[in-house]
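All remarks here apply to the structure that follows.
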Amino acid sequence: MNQEEMTAVGLWEKACAVIRNKIPQDTFVQWFESVVPVRMQDDSLVLGVCDEMFASWFENSYGDLIAEGLSAAAGKVLKFAIEAGHVKSPPAVEDECTETIPAISPAPEPKVVPTVAPNCQAAFTFRNFVVGEENRYAYSAAMTAATTPGVFNPLYIYGSTGMGKTHLIQAVANHVIANNPDAVVRYVTCEQFLNSYLDSLHNKSVFHSHFEFRNYFREVDVLLIDDVHQLGGKEQLQEEFFNTFNTLHNAGKQIILTSDKQPSDIPGLEARLVTRFQSGVTTQITAPTYETRLSILQHEQTEQLKLAPEILQYIAARVSSSIRTLKGALMRLVAYASMTRSPSVPMAVAEDLLADLLDKEAESRKVTIDGIQKTVAEHFGLRVTDLTGSKRPKNIAEPRMIAMYLSREMTDHSLVEIGSAFGGRNHATVLHALSQVEKLSKANEDTRRTISNLQRKIRG
């Protein structure tokens with residue numbers, strides 16, 4: 001056993017000593033005793049489990065507890081990653097009758113070829129990504145970036161939380177590493193980039209100097225940054241990122257970014273970064289359709305547990321806020337079946353287990369101004385930024401007034417709040433819009449029908 005493995009094993013044993021005191025013994029035996037401490041990697045402990053389903057459930061259910069145990073064992077905050085495909089070997093049994101065999105010089109260990117990019121999840125691959133109409137273009141663009149880096153540069157993927165952006169860009173990282181183990185791939189969140197930057201200025205991180213920090217992010221083949229909207233308002237960090245971006249872009253290295261907004265919609269983002277983010281390919285991932293949600297649930301099932309089709313349909317029909325929530329609902333049922341050693345889950349039990357989650361889903365479906373803007377923009381073939389921007393041609397001004405009208409009719413927001421959501425307009429502008437739409441509705445049957453159709457779409 002090499003020194004790295006000894007460190008991983010010792011650290012995990014100490015962490016387990018902490019964790020064991022915080023959960024029931026049978027829970028510890030069921031979920032923790034089969035875990036294998038694999039290695040230390042980039043200041044993270046890699047833990048091995050048997051399969052992807054176990055990995056997903058283990059991290060979702062006990063991630064905070066694992067982090068707490070590792071931090072207590074290491075005396076500092078320590079990250080971890082979970083890797084599928086590991087089975088714990090049974091303890092060796094000594095045979096007293098066996099002769100002592102002379103030691104043989106060990107053969108050199110073969111070079112370990114990585115199949116998972118640093119800081120990425122093994123489960124996040126293109127094969128495991130369910131493609132639907134709402135993410136097909138983003139998937140194709142990501143696949144192109146993975147197979148021919150530099151063609152789409154930068155690739156900017158945006159969409160709401162939990163839509164699969166992280167899965168997609170980590171799939172790129174894993175694909176590149178699997179096909180070119182010598183490639184230098186860096187995946188971090190924007191928050192991790194910020195923390196590393198700040199620490200490097202004060203020599204508090206693995207980087208002994210700011211120069212080392214810069215080299216770490218600039219001497220790469222592929223740089224992937226999650227949640228770049230967090231750059232907004234951070235002038236010093238934007239300066240650093242601007243220079244890093246230029247260095248990589250000029251060298252033809254692949255840059256992939258994700259955000260919950262388009263570049264132009266990120267508050268406090270400098271114009272020069274907006275321009276650079278928009279200079280490559282920008283693509284959006286929207287909420288999955290019912291068909292895609294059902295496909296995801298079918299894909300996530302295991303051989304050990306196949307839920308009845310009506311249960312999968314029940315979940316797909318009622319959980320639409322995000323893919324993350326959808327998988328979370330499935331994992332509840334899988335955990336129940338595992339705990340009770342049941343081969344199936346009755347519909348009545350599924351309804352009880354998911355009751356609180358479905359209540360939150362129903363609550364999240366409440367009408368919002370954002371939702372109204374998106375629906376109106378889509379109906380009129382516009383972008384949300386057209387509705388919130390300053391342009392005033394009739395093909396934009398009229399839909400904007402209708403969106404304001406619907407925001408007043410379908411939400412509890414004040415005139416000031418509605419004006420603010422539409423590019424900082426004042427309440428008098430909103431009042432004018434309401435008056436104009438009411439006049440148009442009285443005089444024009446098509447306008448009344450349009451508003452009625454939009455209200456149905458907005459309410460789902």
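The values are calculated or read from the model by the stated rules, or taken from the named source; none is laboratory data. This one's a predicted model, so the numbers in the text were calculated from it and none came from an experiment. Note: ideal-geometry Cβ built from the backbone for every residue, glycine included; neighbour counts use all protein chains shown. Surface areas here come from the heavy atoms of the whole protein model, side chains and all, with no ligands, DNA or RNA. Shrake-Rupley method; radii C 1.70, N 1.55, O 1.52, S 1.80 Å.
The table below lists the values:
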| read-out | value |
| --- | --- |
| ³J(HN,Hα), Karplus 6.51/-1.76/1.60, whole Hz, each residue of the stretch 397-406, x for Gly, Pro | 4, 5, x, 4, 5, 5, 5, 5, 4, 5 |
| Calculated on alpha-carbon atoms, Rg and Dmax of the stretch 214-373 in Å | 21.3, 59 |
| Anisotropy class of the stretch 312-373 from Cα gyration tensor, a/c 1.5 cut | prolate |
| Cα-based equivalent ellipsoid, the stretch 373-460: semi-axes from gyration tensor eigenvalues, Å | 18, 14, 14 |
| Whole-number D in µm²/s for the stretch 412-460 (Stokes-Einstein; Kirkwood sum over Cα pairs; 10 °C, 1.306 mPa s) | 133 |
| Whole-angstrom gap from the stretch 165-239 to the stretch 305-338, using each part's C-alpha centre | 34 |
| For the chain, share of DSSP beta bridges that run antiparallel, in % to the nearest 5 | 20 |
| Folded to 0 to 90 degrees: helix 52-74 orientation relative to the chain principal axis, Cα | 70 |
| Carbon/sulfur fraction of accessible area - the chain, other protein chains in place, 1.4 Å, % | 51 |
| Cα-Cα P(r), the stretch 344-421, percent of pairs per 10 Å interval | 17, 37, 19, 14, 11, 2 |
| 10 Å-binned pair-distance histogram of the stretch 239-289 (Cα, whole percent) | 20, 54, 21, 5 |
| 12 Å beta-carbon shell around Ser71, net charge (K/R +1, D/E -1) | +1 |
| Lys439 accessible area, assembled protein chains, probe 1.4 Å, Å² | 130 |
| Spherically averaged projected area in nm², based on the convex hull that wraps the Cα atoms of the stretch 270-311 | 5.3 |
| For Gln41, residues with placed amide H under 5 Å, excluding near neighbours | Val46 |
| Solution diffusion estimate, µm²/s, Stokes-Einstein, the chain, Kirkwood Rh from C-alpha pairs, 10 °C, viscosity 1.306 mPa s | 62 |
| In Å, descending, principal axis extents of the Cα set of the stretch 303-460 | 63, 30, 24 |
| Whole-number accessible area per residue in Å² for the chain, which is evaluated in the context of all protein chains at 1.4 Å | 53 |
| Over the chain, relative contact order from alpha-carbon pairs under 8 Å, at least 6 apart, % | 11 |
| Rounded, prolate or oblate (a/c below 1.5 giving rounded, otherwise prolate when a/b exceeds b/c) for the stretch 176-265 by Cα gyration tensor | oblate |
| Residue-averaged [θ]222 nm for the chain, counting only DSSP H segments that reach four residues, each worth -39500 (n - 2.57) | -17000 deg cm²/dmol |
| Shape category assigned to the stretch 131-205 from the gyration tensor of Cα positions, a/c cut at 1.5 | oblate |
| Label-point gap, in nm, between Ala74 and Asn195 - each point 7 angstrom along Cα→Cβ | 1.0 |
